[in-house]
Amino acid sequence: MPQTAEIATADLKEIAAQVRRDIVRMVHAVNSGHPGGSLGCTDLLVALYFKVMKHTPQPFNMDGTGEDLFFLSNGHISATIYSVLARSGYFPVSELATFRKLNSRLQGHPTTHEGLPGIRVASGSLGQGLSVACGAAQAKKLNGDDRRVFVLMGDGELEEGQNWEAIMYAAHHKIDNLIGIIDRNGQQIDGSTAEIAGLGDLRSKFEAFGWHVLEADGNDYATLLPALEAAQAATGQGKPVMFVMDTKMGYGVDFMMDGHKWHGVAPNDAQLATALEQLTVGTVGDY
């Protein structure tokens, strides 16, 4: 299904259900991966690639001239970006079957040396994506390119100090073609973010650093889509934009939701069957 601003919400939901099926099947097949955060961020990435961003899957241009760019900072949710890239036409959907296998282009954390279309930076060492996005956004300004740069980060990832250097840098340099997105699911590998290193009032923190801030539910298109529209409308006004997005880890699969257990655990055969029963699709089709 091609990317278009006119795509219906019902179609986005159908694509998201298919992406979630891809995620649980990919992780199950190799008994390795991170399904929890991947499922939680699915609605966002589907919205970006199928409705919001201007981008050209083929031919893929590494520089992204004249395109919106997306950077995945929390690279452990690679199953989501791989599925969305394949489903939006960057590479064959059949390649999803090679996820995390030897000599695959679909490594556990995205890398660039395999030449996988749609991947512009290696990620997974947390805390680095916003710095990369700042540089890309500044390059677009210097080149007279009026498109935007999006970057997704996890809330636990904000415990990395480099994020806050980049947050300060972006505001100081008025990088107003930059939209940061925080997946605030409240969970990380060892437990809840509140227990491990509480993040406090993120809106107040980002506003104090000089960012324009929005908040919305990242698993409800009725609020997610207007928030992304508002984020784009807020660019070009002298401030970087931060969208703090509330999600549920494991969203779409009831037994994976509301805890950190499924951050990095693969479902067994019975659990996969249960998950697929909950993720019905229309005419998209499994790989």
From the options Gly66, Gly33, residue that is in a loop (DSSP other than H, G, I, E, B), farther than 19 Å from Gly156 by Cβ and small (Gly, Ala, Ser): Gly66
Evaluation of Arg105 against (1) in a loop (DSSP other than H, G, I, E, B); (2) open to solvent by less than 30 Å² (accessible area, probe 1.4 Å); (3) of a type in the set (Lys, Arg) (one fails), failing number: (2)
Selection from the range 171-213 of residues that are over 22 Å from Gly264 (Cβ atoms) and open to solvent by less than 30 Å² (accessible area, probe 1.4 Å): Ala171, Ile175, Asp176, Asn177, Leu178, Ile179, Gly180, Leu202, Phe206, Gly210, Trp211, Val213
Just the residues that are aromatic (Phe, Trp, Tyr) and open to solvent by less than 50 Å² (accessible area, probe 1.4 Å), please, taken from the range 117-166. Phe150
The range 236-261, subset open to solvent by 20 Å² or more (accessible area, probe 1.4 Å), at pLDDT 95 or above and in contact with a strand residue (DSSP E or B) (Cβ under 8 Å, 6 or more places away or on another chain), residue farthest from Ala208 (Cα to Cα): Asp246
Taking the stated definitions as given, is Leu202 touching a strand residue (DSSP E or B) at 6+ places or on another chain (Cβ under 9 Å) and touching a residue at least 40 places away in the same chain (Cβ under 8 Å)? yes
Any idea which of (1) out of contact with any Asp or Glu (no Cβ under 6 Å at 6 or more places or on another chain); (2) of a type in the set (S, T, N, Q); (3) under 23 Å from Thr274 (Cα atoms) is the one Ser83 doesn't satisfy? (1)
So which residues in the range 130-146 are without any contact (Cβ under 8 Å) to a residue 12 or more places away in the chain and among the aliphatic types (A, V, I, L, M)? Ala139, Leu142
Just one of the numbered conditions (1) part of a loop (DSSP other than H, G, I, E, B); (2) touching a residue at least 40 places away in the same chain (Cβ under 8 Å); (3) touching a helix residue (DSSP H, G or I) at 6+ places or on another chain (Cβ under 9 Å) is not true of Lys174; which one? (3)
Lys248 vs. criteria more than 30 Å from His172 (Cα to Cα), of a type in the set (D, E, K, R) and touching a helix residue (DSSP H, G or I) at 6+ places or on another chain (Cβ under 7 Å): yes
Looking at (1) assigned to a loop (DSSP other than H, G, I, E, B); (2) surrounded by 18 or more Cβ atoms within 10 Å (Cβ to Cβ); (3) on the phi < 0 side of the Ramachandran plot; (4) within 17 Å of the chain's Cα centre (by Cα), which is the only condition Phe91 fails? (4)
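May I ask you to list the residues in the range 50-63 that are in a helix (DSSP H, G or I) and open to solvent by less than 10 Å² (accessible area, probe 1.4 Å)?
Within the range 50-63, the subset in a helix (DSSP H, G or I) is 50-52.
Matches in the range 50-63: Phe50 only.
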Could you please find all residues in the range 64-76 being open to solvent by less than 50 Å² (accessible area, probe 1.4 Å) and in contact (Cβ under 8 Å) with a residue 60 or more places away in the chain? Gly64, Gly66, Glu67, Asp68, Leu69, Phe70, Phe71, Leu72, Ser73, Asn74, His76
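The values are calculated or read from the model by the stated rules, or taken from the named source; none is laboratory data. Model, not experiment: these values are computed from the prediction. Methodologically, a virtual Cβ is constructed for each residue, glycine included, from the backbone with ideal geometry; neighbour enumeration extends over all protein chains shown. For the accessible areas, the whole protein counts, side chains as well, though only heavy atoms, and no ligand, DNA or RNA atoms are used. Shrake-Rupley method; radii C 1.70, N 1.55, O 1.52, S 1.80 Å.
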